[in-house]
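Participant: Take a look at this one; I'll ask things after.
The values are calculated or read from the model by the stated rules, or taken from the named source; none is laboratory data. Because the structure is predicted, anything quoted here is derived from the model rather than measured. Backbone-built Cβ (ideal geometry, glycine too); neighbour counts: all protein chains shown. These accessible areas exclude ligands, DNA and RNA; they are computed on the full protein's heavy atoms, side chains included. Shrake-Rupley method; radii C 1.70, N 1.55, O 1.52, S 1.80 Å.
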Amino acid sequence: MTTKMAINAKDIFRNQHRLIRFIEQSIRLCSNQSLKTAQQQQQKSNATADFEISASVNTEYTHAPEPIKHDKDLGQQFKASQLSVRLATPQQLQPKPDNDEELGFGKLFTDHMLKIYYHKSLGGWQRPEITPLENLVMHPAAKVLHYAVELFEGMKAYRGLDGKIRIFRPDMNMARMNMAAQRSGLPTFEGKEFVKCLARLLSIDSEWVPHTEAASLYIRPTLIGIDPTLGVASSDSALLYSILSPVGSYFKTGSNGAVSLLADPRYTRAWPGGVGNRKMGSNYAPTINVQKEAASRGLQQVLWLYGEDHQLTEVGTMNIFMFYVNDQGEQELITPPLNGLILPGITRDSILSMTRQWGKFKVREGVITMSMVTELLNQGRLLELFGTGTACVVSPVNRINYMGQDLYIPTMEQEKPVHELIRETLTDIQYGKVDHPWSVVID
């Protein structure tokens, strides 16, 4: 009898997160009337919108990422079915935020993390494990510390009106992460298996997903080379891990929600043949001092330029879009092409697919230069400029400091801004207001 009780107690402790999740969801959903009212209001809003949000994806405008090709000598792959879980003790639990509405970015972390080691000498990828959040221990000669052999991704988990937790297009993040791994000489992995492991981590730490549309749970998958040897070479040992962080707004904006930018052609973020199209930490460290210069001038972010013609590439850590009236008098949405200088953003790809499917204005990828921006401004044809990314979703731009001159962008002056429609459409998908194949429910 005592043994049986001990086994039951162990099962309860192991599944305590599911019990807590069930109770809290029951409490939140007990008022079905309020949920039904909210959904009816959303349906009414959608009915009066200029663009209908489609619950399908037209394959003419979007495509699934290609499967990764692993090196022949990579060794064994890990599987989600091998996942082991070690839950945090009461003493290891992290303090939760008091107010989801006032979250910053990346300062708080959840109770658990996911870790998967790779050792070529042991046959490849090892068994995945979920552990309490803890410090990493590595040799002081680990390659990540000396040669920046590392990369990361940025994803989010969203809590919908129905209480369900969703993630957005995770297959795209996995494909991008594997491409960066190949460029870094790090081991590739099966993205679907990693997403399954992430889903279990999210299920365990589900109550950390904010109960508001003003915040979300940021997911930071990271891959680092931990081979304890000096010398620039591929790492025979690596660690793939993920931590979770409840977050609010990423950028500090002006009073109207827009950001101002420093565009200084003396600074370059990326160049042809480099790794500006890969999400590696080595791309970001050199930008910090330029960001400080922008802040010292009262500006929020940096607009990165390239070449003698001062091409627009990225805004801070975001892709950039411009909405304007072209030479034929047509409204057009344009964003820089994937020419190796910019990150292939998941939000960027989603916006291109959505707006092309809408068919309400021209959409294209093309080079944007500062001379083009200034000419369009002088002719009154530049309507909106905005950055996009996982962290910020859509961030409107209202001013650029360029060559000592302030250029005021009328993004916030439009009667029906396109950037707001795009943001609303994306967040409706992410928070489950619209059933959509891009939104993956976590069981």
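Participant: Suppose we keep only residues that are open to solvent by less than 10 Å² (accessible area, probe 1.4 Å) and within 23 Å of the chain's Cα centre (by Cα) within region 293-303. Which one would you say is farthest from THR411 (Cα to Cα)?
Facilitator: Among residues in region 293-303 that are open to solvent by less than 10 Å² (accessible area, probe 1.4 Å) and within 23 Å of the chain's Cα centre (by Cα), the one farthest from THR411 (Cα to Cα) is VAL302.
For (1) closer than 26 Å to MET174 by Cβ; (2) surrounded by fewer than 19 Cβ atoms within 10 Å (Cβ to Cβ); (3) among the polar types (S, T, N, Q), each residue gets a yes or a no:
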{"site": "VAL209", "(1), (2), (3)": "yes, no, no"}
{"site": "LEU262", "(1), (2), (3)": "no, no, no"}
{"site": "TRP271", "(1), (2), (3)": "no, yes, no"}
{"site": "ASN283", "(1), (2), (3)": "yes, no, yes"}
{"site": "GLN291", "(1), (2), (3)": "no, yes, yes"}
{"site": "TYR306", "(1), (2), (3)": "no, no, no"}
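Participant: Can you name every residue in region 365-383 that is touching a strand residue (DSSP E or B) at 6+ places or on another chain (Cβ under 7 Å), surrounded by fewer than 16 Cβ atoms within 10 Å (Cβ to Cβ) and more than 21 Å from THR317 (Cα to Cα)?
Facilitator: Correct list: ARG381 only.
Participant: Is there a residue being in contact with a helix residue (DSSP H, G or I) (Cβ under 9 Å, 6 or more places away or on another chain), touching a residue at least 60 places away in the same chain (Cβ under 8 Å) and open to solvent by 40 Å² or more (accessible area, probe 1.4 Å) anywhere in region 169-176?
Facilitator: Here is the first cut: in region 169-176, the residues in contact with a helix residue (DSSP H, G or I) (Cβ under 9 Å, 6 or more places away or on another chain) are 169-176.
Restricting the remaining residues to those that are touching a residue at least 60 places away in the same chain (Cβ under 8 Å) gives 169-176.
After this cut, where a residue has to be open to solvent by 40 Å² or more (accessible area, probe 1.4 Å) as well, the list is 171.
Yes, the conditions are met somewhere in region 169-176.
Participant: Given the condition hydroxyl-bearing (Ser, Thr, Tyr), under 21 Å from ASN277 (Cβ atoms) and in the same structural domain as GLY231 (by the TED database), answer yes or no: does some residue in region 154-168 qualify? Please lay out each step first, then the result.
Facilitator: Taking region 154-168 first, the residues hydroxyl-bearing (Ser, Thr, Tyr) are 158.
Among the residues that remain, those that are also under 21 Å from ASN277 (Cβ atoms) are: none.
No: zero hits.
Participant: Something else now. In a loop (DSSP other than H, G, I, E, B), touching a helix residue (DSSP H, G or I) at 6+ places or on another chain (Cβ under 9 Å) and at pLDDT 80 or above: which single residue out of ILE68, ILE53 fits that description? Reasoning before the result, please.
Facilitator: Numbers: ILE53 fails: at pLDDT 80 or above.
Step by step, each of ILE68, ILE53 is checked, and only ILE68 is in a loop (DSSP other than H, G, I, E, B), touching a helix residue (DSSP H, G or I) at 6+ places or on another chain (Cβ under 9 Å) and at pLDDT 80 or above.
Participant: Out of the residues in region 408-428 that are crowded, with 21+ Cβ neighbours inside 10 Å and over 20 Å from the mean Cα position of the chain (by Cα), state the one that is farthest from SER216 (Cα to Cα).
Facilitator: Result: ILE409.
Participant: Can you pull out every residue in region 106-131 that is surrounded by 16 or more Cβ atoms within 10 Å (Cβ to Cβ) and within 22 Å of GLU207 (Cα to Cα)?
Facilitator: The answer is LEU108, PHE109, THR110, ASP111, HIS112, MET113, LEU114, LYS115, GLU129, ILE130, THR131.
Participant: Moving on. Do we find that VAL195 is outside any loop (DSSP other than H, G, I, E, B), open to solvent by 10 Å² or more (accessible area, probe 1.4 Å), touching a residue at least 12 places away in the same chain (Cβ under 8 Å) and in contact with an Asp or Glu (Cβ under 7 Å, 6 or more places away or on another chain) in this structure? Break it down into steps so the answer makes sense when it comes.
Facilitator: Values: outside any loop (DSSP other than H, G, I, E, B): yes; open to solvent by 10 Å² or more (accessible area, probe 1.4 Å): yes; touching a residue at least 12 places away in the same chain (Cβ under 8 Å): yes; in contact with an Asp or Glu (Cβ under 7 Å, 6 or more places away or on another chain): no.
In short, no.
Participant: So LYS360 passes all but one of these: (1) open to solvent by 40 Å² or more (accessible area, probe 1.4 Å); (2) among the basic types (Lys, Arg); (3) outside any loop (DSSP other than H, G, I, E, B). Which condition number does it fail?
Facilitator: Of (1) open to solvent by 40 Å² or more (accessible area, probe 1.4 Å); (2) among the basic types (Lys, Arg); (3) outside any loop (DSSP other than H, G, I, E, B), only one is false for LYS360: (3).
Participant: Something else now. So which of LEU74, LEU83 ends up being of a type in the set (A, V, I, L, M), open to solvent by less than 100 Å² (accessible area, probe 1.4 Å), in contact (Cβ under 8 Å) with a residue 12 or more places away in the chain and closer than 18 Å to ARG200 by Cβ?
Facilitator: Values: LEU74 fails: closer than 18 Å to ARG200 by Cβ.
The conditions single out LEU83.
Condition check ((1) more than 21 Å from GLN300 (Cβ to Cβ); (2) touching a residue at least 12 places away in the same chain (Cβ under 8 Å)) across all residues:
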{"site": "TRP208", "(1), (2)": "yes, yes"}
{"site": "ALA214", "(1), (2)": "no, yes"}
{"site": "PRO221", "(1), (2)": "yes, yes"}
{"site": "ILE226", "(1), (2)": "yes, yes"}
{"site": "GLY231", "(1), (2)": "yes, no"}
{"site": "GLY248", "(1), (2)": "no, yes"}
{"site": "ALA258", "(1), (2)": "no, yes"}
{"site": "ASP264", "(1), (2)": "no, yes"}
{"site": "GLY281", "(1), (2)": "yes, yes"}
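Participant: How many residues does region 220-229 hold that are open to solvent by less than 10 Å² (accessible area, probe 1.4 Å) and touching a Ser or Thr at 6+ places or on another chain (Cβ under 6 Å)?
Facilitator: Total meeting the criteria: 2.
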